[in-house]
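Worksheet: the structure to be examined is printed underneath.
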Amino acid sequence: MSHKNLLTQEGYNSLVKQLNELNRRQDHLITQIEEVAQPDESGEDGLVTQLKDELEVVGSKIENLEEVLENIEIISGNCQHDEVGFGCKVKLKVSGNSIKEFNIVSQLEADPTTNKISDQSPLGVALLGKKINDEVEVSAPIGKITYKIVSIN
């Protein structure tokens, strides 16, 4: 049985957008190679080699994204508001001080810079299934950090 790639609708849209951009980039590279390459020349110049290398990288990224998108399940509106689950936005009090908000998403769309954490990350795993006012303790490079769940959206 194959493993489904879980994505939020936003994550799915983002991957589709990336795929479209890569396809456009691939078409542009092919056009550039055709314009630069001279059929009469016996050897390739550096620019053609560079363009072909870039085309290979872009092609590999396209292949990987297509493989991910072939086997997805979009999870939306799955948050129950009483228990942390995939797709939930969780507001946490960190070690009794500051308040932080995180979205629980898949590894494919995790982005710590936008507070999207993977359901497979140490914090994500600790939070899954917990309820408002529950506390979780997570080991970090600076030591153990205690989080208290303030709200679940």
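Bear in mind these aren't lab numbers, they're just calculated from the coordinates by the rules spelled out. These numbers come from a predicted model, not from an experiment.
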Worksheet item: Karplus couplings for the stretch 139-145 from phi (6.51 cos²θ - 1.76 cosθ + 1.60, θ = phi - 60°), rounded to Hz, Gly and Pro as x?
Response: 6, 9, x, 8, x, 7, 10
Discussion item. If you take every DSSP beta bridge fully contained in the chain, what fraction is antiparallel? Give it as a percent rounded to 5.
Written reply: 75 percent
Worksheet, complete the sentence: Classified through the alpha carbon gyration tensor (a ≥ b ≥ c as square roots of its eigenvalues; rounded if a/c is under 1.5, else prolate when a/b is larger than b/c, else oblate), the chain comes out prolate
Worksheet entry | Interchain or long-range residues, amide H under 5 Å from Ser151's placed H | Lys91
Fill in: Note, ³J(HN,Hα) from phi for the stretch 52-59, Karplus 6.51, -1.76, 1.60, rounded to Hz, x at Gly and Pro
5, 5, 5, 4, 5, 5, 4, x
Discussion item. Can you tell me what share of the DSSP beta bridges in the stretch 101-153 is antiparallel? A percent to the nearest 5 is fine.
Written reply: 70 percent
Worksheet item: What's the center-to-center distance, using Cα atoms, between the stretch 61-117 and the stretch 1-25 in Å?
Response: 15 Å
Discussion item. Nearest 500 deg cm²/dmol is fine: what mean residue ellipticity at 222 nm does the chain get from its DSSP H runs of n ≥ 4 alone, each adding -39,500 (n - 2.57), divided by its residue count?
Written reply: -13000 deg cm²/dmol
Practice prompt. List every residue whose amide H lies under 5 Å from the amide H of Leu6, counting only residues 5 or more places away in sequence or on a different chain, with H placed 1.01 Å from N in the peptide plane.
Written response: Glu73
Worksheet item: In terms of Cα to Cα distance under 22 Å, which lysines are near enough to Lys100, apart from those fewer than 8 places away along the same chain?
Response: Lys89, Lys91, Lys116, Lys130, Lys131, Lys144, Lys148
Worksheet item: Build a GNM of the chain with springs between Cα atoms under 10 Å: which of Glu101, Glu83, Glu70 gets the top mean-square fluctuation?
Response: Glu70
